[in-house]
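None of the figures in this text is laboratory data; all of them are computed from the coordinates on show. Since this is a predicted model, take the numbers as computed values, not measurements. Note that each Cβ is placed from the backbone with ideal geometry, even for glycine, and that neighbours are counted across all protein chains shown.
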Amino acid sequence: LIAGEGLTTAASRDVVSPYSGEVVGRVAWGSAAIARRAVDEAHDAMRTPLAAYERVEILLRAAELIAERGEELAQVLSAEAGKPIRAARVEVERAAFTYRTSAHEASRLVGDVVPMDASATGAGRLGFTVRVPVGVVAAITPFNFPLNLAAHKLAPALAAGCAVVLKPSSQTPLTALMLAEISADAGLPPGWLNVVTGEAGEISDVFAGDDRVALISFTGSGDVGWGLRARCPRKRVALELGNSSPVIVESDADLEAAVPKLVAGAFGYAGPSCISVQRIYAHERVYGELLERLTEGVRELNVGDPSADATDVGPVIDRASHERILAWLREAIDEGATVETGGPDALSEQDEACGLIHPTVLTGVTPEMKVSCAEVFGPVVSVTAYADLDEALGLANGTRYGLQAAIFTANLPHALRAARRLSFGSVVVNEPPTFRTDQMPYGGVNASGNTKEGPAWTIREMTHERLVVLAE
Ligand code: NAP
């Protein structure tokens with residue numbers, strides 16, 4: 001979709017339901033030439049800037065249209081991503097909120113007054129900064145939150161005054177294309193949002209090599225993200241990457257409140273969230289009770305068809321992910337881990353054919369096992385006992401990632417110690433590490449990335465400060 005025109009290419013790609021294998025859509029398969037054309041259009045569009053009030057009106061109208069077309073968006077999202085329909089509906093509501101929040105931020109893009117007379121040379125001058133759009137933004141999004149993660153790039157970019165070329169995940173491009181349609185219906189002039197589906201390497205080569213692309217905003221896996229960053233030393237490259245999310249459960253934690261949150265945080269969708277609960281460290285005094293309550297909660301989850309209202313856990317995204325997750329589970333079991341519920345043996349032939357993996361709780365996991373140190377991105381959680389908080393903090397930090405971590409405790413000094421010592425972009429107390437609201441700054445450190453998303457923060461990244469000095 002370039003400059004408001006839906007292009008047809010010689011090649012096309014089917015979008016397939018991860019659950020049923022049915023074709024749920026078909027998209028054009030663009031080349032480098034089409035990506036370049038998209039950048040041309042975005043660059044040209046920015047020659048006629050939109051005033052802040054116009055950007056606010058478009059963003060608010062788009063938020064309304066997202067809500068109006070909410071059920072249609074949720075159905076498409078659920079079909080292409082295999083996301084349970086209830087979770088898909090929540091994602092749609094969140095995307096509308098992301099647009100609304102971006103609209104609010106667009107109307108308060110302020111600068112600073114600089115105290116020029118703090119030096120003799122500056123005395124008598126007036127200095128202030130204004131925020132200027134960085135230029136064309138190239139956005140690359142993953143399969144797991146295809147609507148709201150696209151919204152987290154498109155809406156702040158428009159709020160900042162930047163035109164966008166979006167390359168969505170090839171597995172889930174349909175909701176992103178609908179979002180572009182909605183933006184046009186909301187009054188966004190042609191060229192401000194262009195969506196290119198096609199070969200990722202070829203398209204990203206254009207993004208990396210074209211100086212008119214000022215910022216690449218990437219959400220996805222670490223190898224791809226850091227590779228892009230290394231190739232573009234003179235561009236802003238904002239990275240939102242993976243995690244192996246730890247949560248510490250102290251002996252004074254309210255287990256009744258914590259366990260349902262942990263179950264939802266580990267197994268909602270089917271675990272492919274960058275902040276899915278993956279490692280639970282429970283104080284030895286509550287380890288047994290927590291494990292019992294957790295496995296009970298997990299056994300109540302409905303696994304199956306994502307289009308059914310009752311479904312909590314749907315399929316993983318594709319055959320390769322299914323095989324990888326089962327291989328990691330088998331490896332952990334061979335190395336001494338115990339399956340408390342779920343696991344490879346719980347799968348029927350029908351489950352296998354539909355890409356399902358039953359929610360799996362492991363014990364006896366060691367930090368070196370892939371299910372602990374790497375990102376599983378599936379419905380797998382491990383539970384490990386610890387004796388004191390310092391030990392738990394060390395275990396939680398035993399990862400190259402650093403997106404979000406959490407602690408459940410009633411002990412304020414312990415919560416504060418965790419907040420100081422956990423080497424993550426956010427530390428959440430008495431919510432799982434899966435907790436996110438769309439206005440908060442969200443992003444990782446270490447291998448998990450180099451930026452914060454959340455409209456107010458993204459807009460800052462997508463603008464630069466221009467200093468204006470006035471002399472008499
Ligand atoms: P992925 O394979 O890295 O794909 C992400 C995007 O990058 C897709 O659009 C993909 O296109 C594109 N891509 C693939 N190869 C590329 C290349 N060589 N150059 C440029 N772009 C390329 O990740 P995924 O499997 O979709 O998503 C899972 C990962 O995303 C996990 O690690 C997860 O933790 C992370 N994630 C992070 C956040 C966060 O906010 N921190 C949120 C969600 C997900 P194709 O689809 O065409 O291959």
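If only the Cβ of Lys and Arg carry +1 and only the Cβ of Asp and Glu carry -1, the dipole of region 211-286 around its Cα centre is close to 740 debye. Where a ≥ b ≥ c are the square roots of the eigenvalues of the C-alpha gyration tensor, would you call region 217-265 rounded, which needs a/c under 1.5, or, failing that, prolate if a/b is larger than b/c, or oblate? Prolate. From the square roots a ≥ b ≥ c of the eigenvalues of the alpha-carbon gyration tensor of region 348-472, which class results: rounded (a/c under 1.5), prolate (a/b over b/c), or oblate? Since a/c reaches 1.5 but b/c is at least a/b, the shape of region 348-472 is classed as oblate. Shape annotation for region 79-211: C-alpha extents along the principal axes are 65, 35, 25 Å, from largest to smallest. Our summary of shape: the Cα atoms of the chain have principal axis extents of 73, 63, 39 Å, ordered from largest down, in whole angstrom.
Under 5 Å from the amide H of V237 lie the amide H atoms of I216, each residue being 5 or more positions distant or on a separate chain, with H modelled from the backbone and absent for Pro and chain starts. Relative to the dominant Cα principal axis of the chain, helix 287-299 is inclined by about 70°. Listed values for region 421-430 are Karplus-derived 3J(HN,Hα) couplings in whole Hz (6.51 cos²θ - 1.76 cosθ + 1.60, θ = phi - 60°), namely 8, 7, 8, 9, x, 9, 10, 10, 10, 6, and x replaces Gly and Pro.
Compared with the alpha-carbon gap, the fully stretched path from R330 to R125 is longer by 66.8 nm at 0.36 nm per residue. Here r is the Cβ-Cβ distance between L467 and A353 and R0 is 60 Å; the resulting FRET efficiency, rounded to 0.05, is 0.45. In region 416-472, Rg over Rh equals 1.18, where Rg is the alpha-carbon radius of gyration and Rh the Kirkwood radius from pairwise Cα distances.
Using the Cβ atoms and a cut-off under 14 Å, what net charge is assigned to the surroundings of A106, where Lys and Arg are +1 and Asp and Glu are -1?
That sum, taken over residues with Cβ under 14 Å, equals +3.
Taking amide H as placed 1.01 Å from N in the peptide plane, the amide H of A282 sits under 5 Å from that of V249, T384, A385, Y386, each at least 5 places away or on another chain. Please give me the summed charge of the neighbours of V134: other residues whose Cβ is under 12 Å from its Cβ, Lys and Arg +1, Asp and Glu -1. Overall, the nearby charge balance is +4.
Karplus-based coupling profile of region 226-232, in residue order and whole Hz: 5, x, 4, 4, 5, 7, 10, with θ = phi - 60° in 6.51 cos²θ - 1.76 cosθ + 1.60 and x standing for Gly or Pro.
Under 12 Å of direct C-alpha separation, and excluding same-chain neighbours fewer than eight residues apart, K452 reaches these aspartates and glutamates: E240, D438, E461. Here the Karplus curve 6.51 cos²θ - 1.76 cosθ + 1.60, taken at θ = phi - 60°, turns the phi angles of region 65-72 into couplings of 5, 4, 5, 4, 9, x, 5, 5 Hz, with x standing for Gly and Pro. Between A387 and D112, the modelled label-to-label distance comes to 4.9 nm, taking each label 7 Å out from Cα in the direction of the beta carbon. Working note: Debye formula, equal point scatterers on the alpha-carbon atoms of region 1-142, no solvent; log10 I(q)/I(0) at q = 0.09, 0.11, 0.18, 0.20 Å⁻¹ is -0.47, -0.66, -1.27, -1.33.
Highest mean packing comes first when the peptides 368-374, 246-252 are listed by Cβ atoms within 10 Å, giving 246-252, 368-374.
Taking region 348-409 on its own, what percent of its Cα-Cα pair distances exceed 19 Å? When every Cα pair of region 348-409 is considered, 42 percent fall beyond 19 Å.
An ellipsoid equivalent to region 77-138, defined through the eigenvalues of its Cα gyration tensor, has semi-axes of 46, 12, 8 Å when rounded to whole angstrom and sorted largest first.
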